[in-house]
Amino acid sequence: MVVEKKSVVVFYKSLFCFFYFFGQMSERFKVPVLKTGKNNILRKFESCFVRLSYSMFFSILFFPFLGSLFAGFFGRFVGRKGSVFLSTFSIFISCFFSWFFFISSFYSPISFHFVLFPWMSVSSLFIYWGFLFDSLTYVILIVVTSVSLLVHLYSSSYIENDPHLPRFISYLSLFTFFMLILITADNFIQMFVGWEGVGLCSFLLINFWFTRIQANKAAIKAIFINRIGDYGLALGIFALYLAVGSVDYAIVFSYVPFLVQNSFYFFIFNFDIVSCVSLLIFIGAVGKSAQLSLHTWLPDAIEGPTPVSALIHAATIVTAGVFLLARSSPFIEYSSFILNVITFFGASTALFAATTGLLQNDLKKVIAYSTCSQLGYIVFACGVSAYHVGVFHLANHAFFKALLFLCAGSVIHAIGDEQDMRKIGGLAKLLPFTYSSIVIGSLALGGFPFLSGFYSKDIILENAYGAFSSAGHFSFFIGSVAAFCTSFYSIRLLYLTFLSPANGFKKRFENIHESSFAISFPLVCLAFGSIFFGFFIKDSFIGLGSSFFNQSIFIAPFHLNSFSGEFLPSHIKLFPSFMAIFGMFSSFLLFNLFRSELVFFKLNPYLRFFYTFFNKKWFFDKFYVEIFGQSGLSFAFQHTYSLIDRGFFEIFGPFGISNSTQFFSISFSFLSSGHLYHYLFSILIFIFSFSFFILSPFSFSPIFFVLIFFMM
Amino acid sequence: MPFSYISTLVTFPFITGVFILFFPITPLHSKRISLLVTIVCFYLSILIWVLFDYSNDTFQFVETFSWYPSSNVILSFGIDGISLMFILLTAFLMPICLLSSWSSIKKKNNFFAEHHFFALFLILESFIFVVFSSLDLIVFYSFFEAVLMPMFLIIGIWGSRERKIRAAYLFFIYTLFGSLLMLLGILFIYLECGSTHYIILVENSFSPEKQKYLWLAFFFSFAVKVPIFPVHLWLPEAHVEAPTAGSVLLAGILLKLGTYGIIRYSLPLFPLASVFFRPFVFALGSVAIIYTSITAIRQSDIKRVIAYASVAHINITVLGLFSFNLVGFEGAIFQMLSHGVVSGALFLCVGVLYDRHHSRLIKYYGGLVHTIPLFITLFLFFTIANIALPGTSSFVGEFLILFGTFYANSFTAFAAGSSIVLSSAYSLWLFNRLSYGNVKSQFINISFDITKREFYCFFPLVFLTLVGGIYPNIFLKSLHSCSAGLLCSFILSNDFNLY
């Protein structure tokens, strides 16, 4: 364990020596079988501990669920405050135990695995409801539960006056529960439960103000695009079952080395199993973590209430994809091609979202694109096999991005639901506390030295360069440019919202005030997290030789870039930081001194193209709607429904029969005309044609008769 | 003499139904009697489930009556694990159907009063029990067709619009046309084997050529009932026009008659042909899933959306049946049960809306969550069950099927898996249109949330959906041995190794 700060060590040790002892004990009792040959008291103590820790794990998982049930179904009885208190308290319990296990895992990296009861058992497919707690899980656990706790607290004040507060709190808790299921699952299918569950909850949460058309659209878009990713992930799981015969993490990951070079047929092509499955899993991650091509739901999802944006789109749901990548690292590591694909997608996303964020005018949309961009960083970190750095950045990012979103919420709350930055301005003196929080968040996001973002973002870029591959170099430079853009739009946001002269209506500024304690307290906590979390946790997560992620993340020896990343020349190492600070200064100078010249962007036709291109999000939405949406829907109506279902099948089906019966009966009735020569003629025709078919040397297939029948 | 469970189960609703049909009793009494009878049948089926021996893959509770001794047609009943599940589903859904139409079914004219409706349901129930428990092909066929008659009357008399005539016509012509081929096939089998008893037929092996023709004849009949892609046209019509309980029954059970026929007759009797036609079925099923899913998005009628969704889901089960491995096979059977519950529940939801507002057009609805939130909660639950969200029973069924299908043919699984995306599109779109947005107060001026009676209808369905999703083994357990037996004999007779 590499925690350098002596004082911190002493502090932790004194506080958690008890937990350390527990950790050591539990290491030996992963399987709760009591060993004989010891004295009785110790044995009782051990079994007691095992039970205790199990109940602690269960309380992490099921307290949010209980809170959700209480708020959702009994909100009427326990009241608004009661439901908020109950669910916040249950999340607090969950959060407390998560931190407990997280901190105890510094001292002894324990992993727990236990099974509840079988879920599906058919033939060779055995799926259990089982839970796995290891270092990776602990990290995501603390992120999810801490941010969730703070968001619960925040929402109790933020939507205090909404009549549906218990419902909102219930959704939040349910979301947390599904997220916990996702990260604690011990097999892919159970992970999929959480995966889909968070999708559903995000649908409900984005749609919380359900009378708004925009919210409805954004919610459907979110779940629809997520399910495209889920489709890929599901196919990946099926392929895994085909290849390995199991979906348990333990079995699958231990089996991977034997699968290399094996191939199977997917479609009609012969694919390498490991690459194919990795790609399909990555498609799932693309959907959930909003990577380029399936990212469009994330910026739209800001239509939900702001706490939702903070919880879902900053801290949790988008991390699910990264979690999946880190969790399946034993699999993905064996396919360098897919790793390159992941790197490429991640870097492109980072650049795309950062450039789009430059020219957005909606306060929350800038932050949403910033999330998208940061996820790009995390994903290309996974692509260059620096999963631990990716997870580290994920944790840091959760703190400062939740901080930014909550600050934005505070601003929006204060100024009467105005989100357009051009119509705000001048809040620095009116909302000093929010201003200072958002400055901390922005600087941490931009990678300002010694804040959280600095420790993780720069290491990601160093690792990318240290890979010494073309994908690595590509992502390093793209990431540096994105770092410039990130700082640029962060300062732009700060300037337009807080520093520029006030642009809004006077009425809005008259009643402006700092928010209540329930809103401010989460900001303080997250600001502390944004400042200190990276510094404190750096050594254990990404320190050289740190054994924190001992078994939960696998990095193939030939992909170990941390060392080469550590010893890069200084100018390479400083380049991203330089770009970030350069971005900050240029943005500040541009908006402070040359603001009146910015209109040139809209006047000049060439620059206007860039403005439109970035402002309209690279035309992704337009492309999707026009190419897939419109044509698909019109095909569904005009072809499948009108033409085939109500046209072809009806004519050649029942109505053809009924109509043609009528037709035939009329035409046959003409045959019985009563004239002898008519009958004679038909007899002759029949005899001739029949003898022709019978006596001719050709063999006529029966289809010929059918044709004649129809010609009649 | 041991208690004869099956014949009691079969005859009890029939006799009561005939009694209600021909004896003048008040509507209330007839409703109460029929509800009581269906509940007794449900308890009886539970008793059969309890007494059933899972470890055994032969037929149990066998009862034999001589019918035409001279021509070897024996009235023979017995159930194995598969038919047990279907009987349970039927017995479970019947009381809910009756309860749901408690007050919505009105006296039509002097000829048809409420009690006729309930009597028809009882008769229908006993017919369905016969189909699921008969061990003789002729008896199976007769009652497979006989089911048509009460259903025809239910749609034709208690349907909501004038278009019901067209629906009933489509329903009748498709089903009857399909069955004619099957009748020819049965006659051929009878001439070949000299008997139509299931046990004898399974032992018999037809020549490959004959198997192909017979398989086609049988499959066409079953495909109409399932319904598989090109012959699905009657289903949306019939669903839309049928009264709520009729739709529930149609989606819940009558669609399963086709798949049950495939399980019971097409696969074991014609194993070579089944393997021969497997690519054909896969192609049809894959096309059907995508086709019906995208068609569902553009419907204007709530019931039509659910009906097309129902076609898509039932086509997935057909793929599972033809995956020829245990995972897909048992998944398919489980998905049928789950589809019966979920789809039935969705039709019940539509029925609830129709009872209040007398319209099924989506454009007249909006913002229902303001006015009837409890109902919308239930509707949301069944919508997410319909899109196979994990934790609901359809997820278990669909995923097992896709596992099995991927094992058999990955491209088919790819096509079938697109329902993951498409189902979310139409289901959530429908849900969104109905429940979110502003209240369309120009159309919706009366509203009351679900009544106690409706809650009693919905609660068992919610419960079963959750139980099936979280602990499906209680249902899968009874499928293991007989599906393994069926597939083993299947693989042996094909003399090739599918694993």
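Listing for the model above:
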| quantity | calculated |
| --- | --- |
| Which listed residue is at pLDDT 90 or above, in a helix (DSSP H, G or I) and surrounded by fewer than 24 Cβ atoms within 10 Å (Cβ to Cβ), from A:F400, A:F476, A:F433, A:F405 | A:F433 |
| Within the stretch B:131-146, tally of residues that are within 14 Å of B:F86 (Cβ to Cβ) and surrounded by fewer than 23 Cβ atoms within 10 Å (Cβ to Cβ) | 1 |
| Subset of the stretch A:542-595 [under 30 Å from A:P257 (Cβ atoms) and charged (D, E, K, R)] | A:E566 |
| 1 or more residues at pLDDT below 85: qualifying helices (runs of 4 or more DSSP H) within the stretch A:613-712 | A:654-671, A:676-695, A:702-711 |
| Evaluation of A:P257 against (1) under 30 Å from A:F114 (Cβ atoms); (2) more than 11 Å from chain B (Cβ to nearest Cβ); (3) free of Cβ contacts under 8 Å to residues at least 40 places away in the same chain (one fails), failing number | (3) |
| Residue that is nearest to the other protein chains (Cβ to nearest Cβ) [pool: residues in the stretch A:260-277 that are among the hydroxyl-bearing types (S, T, Y) and not in a helix (DSSP H, G or I)] | A:Y265 |
| Cβ-Cβ under 7 Å pairs, at least 6 apart or on other chains, the stretch A:220-235 side within 14 Å of A:N207 (Cβ to Cβ), far side of a type in the set (D, E) | A:K221/A:D300 |
| Elements of type helices (runs of 4 or more DSSP H) in the stretch B:201-310, at least 2 residues being among the polar types (S, T, N, Q) and within 14 Å of chain A (Cβ to nearest Cβ) | B:278-297 |
| Residue under evaluation B:L348, criteria (1) outside any helix (DSSP H, G or I); (2) buried (at least 24 other Cβ atoms within 10 Å of the Cβ), criterion not met | (1) |
| Members of the stretch B:142-171 that are away from every other protein chain (no Cβ under 14 Å) and over 17 Å from the mean Cα position of the chain (by Cα) | B:S142, B:L153, B:G156, B:I157, B:W158, B:G159, B:S160, B:R161, B:E162, B:K164 |
| Which listed residue is aromatic (F, W, Y), within 22 Å of the chain's Cα centre (by Cα) and more than 13 Å from chain A (Cβ to nearest Cβ), from B:F475, B:F490, B:F458 | B:F458 |
| Residues (buried (at least 23 other Cβ atoms within 10 Å of the Cβ) and either charged (D, E, K, R) or in a loop (DSSP other than H, G, I, E, B) (or both)) located in the stretch B:453-485 | B:P472 |
| Single condition A:F609 does not satisfy, out of (1) within 11 Å of another protein chain (Cβ to nearest Cβ); (2) of a type outside the set (A, V, I, L, M); (3) closer than 26 Å to A:A354 by Cα | (1) |
| Test: residue in the stretch B:316-331 that is away from chain A (no Cβ under 14 Å) and of a type in the set (G, A, S) | no |
| Residue list for the stretch A:205-214, filter: surrounded by 22 or more Cβ atoms within 10 Å (Cβ to Cβ), within 10 Å of another protein chain (Cβ to nearest Cβ) and either in a helix (DSSP H, G or I) or modelled with pLDDT under 90 (or both) | none |
| First in the stretch A:646-673 and more than 14 Å from chain B (Cβ to nearest Cβ) and more than 30 Å from B:Y291 (Cα to Cα), second anywhere and hydroxyl-bearing (S, T, Y) and in a helix (DSSP H, G or I), Cβ under 9 Å, 6 or more apart | A:L671/A:Y679; A:L671/A:S682; A:S672/A:Y679; A:S673/A:Y679 |
| Which numbered condition A:F528 fails, given (1) in a helix (DSSP H, G or I); (2) touching a residue at least 60 places away in the same chain (Cβ under 8 Å); (3) not small (G, A, S) | (2) |
| Any hit, the stretch A:628-641, residues being surrounded by 15 or more Cβ atoms within 10 Å (Cβ to Cβ), more than 30 Å from A:A464 (Cα to Cα) and in the same structural domain as A:S370 (by TED's automatic domain parsing) | no |
| Set B:F118, B:F152: member being under 25 Å from B:L21 (Cα atoms) and either at pLDDT 90 or above or crowded, with 23+ Cβ neighbours inside 10 Å (or both) | B:F118 |
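This table checks each residue for (1) within 21 Å of A:W195 (Cβ to Cβ); (2) of a type in the set (K, R); (3) at the interface with another protein chain (Cβ under 8 Å from one of its Cβ atoms).
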{"position": "B:V341", "(1), (2), (3)": "no, no, no"}
{"position": "B:F347", "(1), (2), (3)": "no, no, no"}
{"position": "B:L361", "(1), (2), (3)": "no, no, no"}
{"position": "B:L368", "(1), (2), (3)": "no, no, no"}
{"position": "B:G391", "(1), (2), (3)": "yes, no, yes"}
{"position": "B:G397", "(1), (2), (3)": "yes, no, no"}
{"position": "B:F406", "(1), (2), (3)": "yes, no, yes"}
{"position": "B:S424", "(1), (2), (3)": "yes, no, yes"}
{"position": "B:F431", "(1), (2), (3)": "yes, no, no"}
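Here's the yes/no breakdown for (1) surrounded by 23 or more Cβ atoms within 10 Å (Cβ to Cβ); (2) part of a helix (DSSP H, G or I):
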{"position": "B:D355", "(1), (2)": "no, yes"}
{"position": "B:K363", "(1), (2)": "no, yes"}
{"position": "B:G366", "(1), (2)": "no, no"}
{"position": "B:F379", "(1), (2)": "yes, yes"}
{"position": "B:V396", "(1), (2)": "yes, yes"}
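Listed here are the residues, each with its yes/no results for (1) surrounded by fewer than 21 Cβ atoms within 10 Å (Cβ to Cβ); (2) farther than 24 Å from A:V391 by Cβ; (3) over 30 Å from the mean Cα position of the chain (by Cα).
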{"site": "A:Q551", "(1), (2), (3)": "yes, no, no"}
{"site": "A:G565", "(1), (2), (3)": "no, no, no"}
{"site": "A:L574", "(1), (2), (3)": "yes, yes, yes"}
{"site": "A:S577", "(1), (2), (3)": "yes, no, no"}
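The values are calculated or read from the model by the stated rules, or taken from the named source; none is laboratory data. All of these numbers come straight from a predicted model, not from anything done at the bench. Don't worry about glycine lacking a Cβ; one is built from the backbone with ideal geometry, like all the others, and counts go over all protein chains shown.
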